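Here's the structure, in structure tokens; my notes come after.
None of the figures in this text is laboratory data; all of them are computed from the coordinates on show. Computed from a predicted structure; not experimentally measured. Cβ coordinates were reconstructed from backbone atoms using ideal geometry, including for glycine residues, and neighbour counts include every protein chain displayed.
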Amino acid sequence: MKRRVHSQEVKEAVLKKLAERGVKLEDIAQIVYEMQVPYNPELQMETCLDSVRKVLEKREVQHALLVGIELDQLAERKMLSEPLQTLVETDESLFGCDETLALGSVLGYGSIAVTTFGHLDKHKIGVIRKLDTKLGKGVHTFLDDLVAGLAASAASRIAHRHRDEEENGIHEEHAS
């Protein structure tokens, strides 16, 4: 009988891989904060960090992170076959598979997450900029996009919850 991988084991592997690649959850939460505080001035960093943690509970997100990080690491060790090795190692602008993998994990969080992901992919805010492969500090072709997707999803989650809270507050005022 084949061994079954438990969700906690996968989550721990993801957290370990992120840490090994120099990505702290607090760094991602900072991006979430920057994306959402203009719309929610009372937003707290702890809320952003909690949202990042909640997004990381999703299997699809965990799996995408594991696959992307593994491909980045294999490219750093020059273990991919050509032409894939060069495409990943150089973060070829027309490659697109890195964005596609990240976008797949974003889709469950709605159009706000999708547009926020596009913004983060283009502007490379915070730790995403540090991960940019084109800066020459390792291969993070997939990871920079996956972190952008994680931040976009967490920001969207907060945006939706904030709207729900506003609407519930308005609803309660009218009910009184």
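Counting only aspartates and glutamates at least 8 places from residue 11 when in the same chain, those with an alpha carbon closer than 13 Å to its own are 57, 60. Averaged over residues, the count of other Cβ atoms within 10 Å places the peptides 4-12, 154-162, 114-122 in the sequence 154-162, 114-122, 4-12, highest first. Against the empirical curve 2.2 N^0.38 Å, the C-alpha radius of gyration of region 1-91 lands at a ratio of 1.35. Kirkwood's formula applied to the C-alpha pairs of region 23-175 gives a hydrodynamic radius of 16.0 angstrom. What's the angle, to the nearest 10 degrees (0 to 90), between helix 59-76's Cα axis and the longest principal axis of the chain? Relative to the chain, helix 59-76 is tipped by roughly 30 degrees.
Residue ranges 56-66, 90-100 sort as 56-66, 90-100 when ordered by packing (mean number of other C-beta atoms within 10 Å per residue, highest first). Projecting the Cα atoms of 25, 88, 156 onto the charge dipole of the chain (Cβ charges, centred on the Cα centre) puts 88 farthest toward the positive pole.
Out of every Cα pair in region 58-101, what percent are spaced more than 15 Å from each other? List each step's numbers first, then the result.
Working: 403 of 946 pairs.
Cα-Cα pairs in region 58-101 separated by more than 15 Å: 43 percent.
Going from the residue with the fewest nearby Cβ atoms within 10 Å to the one with the most, 147, 67 rank 67, 147. The fraction of all Cα pairs in region 4-55 landing in successive 10 Å bins from 0 to the largest distance is 24, 44, 24, 9, 1, given as whole percents. If only the Cβ of Lys and Arg carry +1 and only the Cβ of Asp and Glu carry -1, the dipole of the chain around its Cα centre is close to 760 debye.
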